[in-house]
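Structure record follows, encoded as structure tokens.
The values are calculated or read from the model by the stated rules, or taken from the named source; none is laboratory data. All values reported here derive from a predicted model rather than from experimental measurement. Note that we place each Cβ from the backbone using ideal geometry, even for glycine, and neighbour counts take in every protein chain shown. The area values use the complete protein model at the heavy-atom level, side chains included, leaving out ligands, DNA and RNA. Shrake-Rupley method; radii C 1.70, N 1.55, O 1.52, S 1.80 Å.
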Amino acid sequence: MKITKSLLQVGVLGLSLLATSVMAAVSADEAAKLGTTLTPMGAEKAGNADGSIPAWTPLPKNAGTVDAKGFLSNPYASEKPLFTITAQNVEQYKDKLAPGQYAMFKRYPETFKMPVYTSHRGSTVPDEVFAAIKENATKTTLVSGGNGLENFKTAIPFPIPKTGVEVIWNHITRYRGGSVTRLVTQATPQANGSYSLVYFQDQFVFRDKMKDYDPANPGNILFYFKQKVTAPARLAGGVLLVHETLDQVKEPRSAWVYNAGQRRVRRAPQVSYDGPGTAADGLRTSDNLDMFNGAPDRYDWKLEGKKELYIASDSYKLDSPTLKYSDIIKAGHINQDLARYELRRVWHVVATLKEGQRHIYAKRDFFIDEDTWQAAVIDHYDGRGQLWRVAEAHAQDYYDKQVPWYTLEALYDLQSGRYLALGMKNEEKQAYDFGFTASTSDFTPAALRQEGVR
């Protein structure tokens, strides 16, 4: 058969249209479900059949009190666990556990437990964010083979996702208050429970919250992040600066570090993918921060669908300023008596390392809360296919600011018996301070030098 130029043109056009349809946003009819059968963020508004997962009811801004340091009271303080999952009864609940959670019972049969409470679905964001999400539903598209976004606004580009990578983009871009300053700590306990703390001062600003943001020329920046180590003395003064891009294949993330001992700023290309996490003693990669961050290009993402899972939610007890860090950090895992689990619906996405790419994690299983698009559990597998690390996020709603976020992130190494806990602020002088304002000049290498002076 002779292939003519016109036939080739038709074929190319057909492939182009097919690619466009794959990358296209949802129809206006589908988007109309947001706020009706779906929540404005895309979760199923209704509960499950037996009522163990309730319908979505947004938590009011005055759901509790806020103390002088910004810590929130627990709206559910009077509730008691419905039951507790232990190594003795775990088989009964295995179908509602991630493989990594189940493995924790096998690794720590005497101490690991999951207190399960009544489920509440109160996560919400400001109305203007809901409006942006609905606009994204019909306008935002994937570019660069799924590694970037076009026509994206504020948060959550794909509230009605069709693919695994769309779910992951929702996690990466989810609403975190727009901007925040925070004082948090990190612990990397030895197998016997002994630990020392690293103290961080973070500044985190999404692009549309910058003073000099131009919506007509948004550029490729997603957010700016600056992290200063304030203690211990041997690490104090070091600063990390990150310019996070929307399309990291087209324009890789820019990162710099200030070394206080050398008093110099240098580029830090290792702050990405499986580069070592800051002061983490080898227990996390750069892309383990915030459960997962960065470019999705090294993995193939398969959407397995939704399932019901017990995840750590409404973690106000764990965030209490009456606790000491020693109350939380224990041998093997955090103090599970302080944890709270609820039955929720999650999206299950499997990430498999692409042929020819490298990463210490050959496979990752993501379980992402449908109400917030936050990763709740991520199981990490090594190159042999063995379950290696289990990440679990203890989440809460900062209801006074309408921000769903984490209380603490834990990353458990099943092989070494060690773990990393990041995000604790119980003993700090203030909780999260949302509404931080800044200009791009505050996030330059020159500004980094000023931040890092001891």
Does residue 363 qualify as being farther than 30 Å from residue 220 by Cβ and open to solvent by 10 Å² or more (accessible area, probe 1.4 Å)?
no
Complete set of residues in region 120-138 that are under 21 Å from residue 178 (Cα atoms) and assigned to a helix (DSSP H, G or I):
127, 128, 129, 130, 131, 132, 133, 134, 135, 136, 137
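Matching residues to (1) of a type in the set (Gly, Ala, Ser); (2) modelled with pLDDT of 95 or more; (3) closer than 22 Å to residue 205 by Cβ; (4) touching a Pro at 6+ places or on another chain (Cβ under 8 Å):
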{"residue": "365", "(1), (2), (3), (4)": "no, yes, no, yes"}
{"residue": "387", "(1), (2), (3), (4)": "no, yes, no, yes"}
{"residue": "391", "(1), (2), (3), (4)": "yes, yes, no, no"}
{"residue": "430", "(1), (2), (3), (4)": "no, no, yes, no"}
Top-ranked residue of region 299-321 - restricted to ones that are of a type outside the set (A, V, I, L, M, F, W, C), buried (at least 19 other Cβ atoms within 10 Å of the Cβ) and touching a Leu at 6+ places or on another chain (Cβ under 8 Å), ranked as nearest to residue 340 (Cα to Cα):
315
Considering residues of region 397-417 that are charged (D, E, K, R) and buried (at least 22 other Cβ atoms within 10 Å of the Cβ) only, the residue nearest to residue 313 (Cα to Cα)
397
Quick one: would you say residue 302 is touching a Gly at 6+ places or on another chain (Cβ under 6 Å) and closer than 23 Å to residue 360 by Cα?
yes
Checking the structure you have, find out if any residue of region 135-151 is open to solvent by less than 10 Å² (accessible area, probe 1.4 Å), touching a strand residue (DSSP E or B) at 6+ places or on another chain (Cβ under 7 Å) and of a type in the set (A, V, I, L, M, F, W, C).
yes
Selection over region 202-257 where residues are of a type in the set (A, V, I, L, M) and part of a loop (DSSP other than H, G, I, E, B) yields a count of 6
Pull out all pairs, ordered by first then second residue, where Cβ-Cβ is under 8 Å, the residues are six or more apart or on different chains, the first lies in region 348-367 and is touching a residue at least 60 places away in the same chain (Cβ under 8 Å), and the second is of a type in the set (Ser, Thr, Tyr) and part of a loop (DSSP other than H, G, I, E, B).
359/273
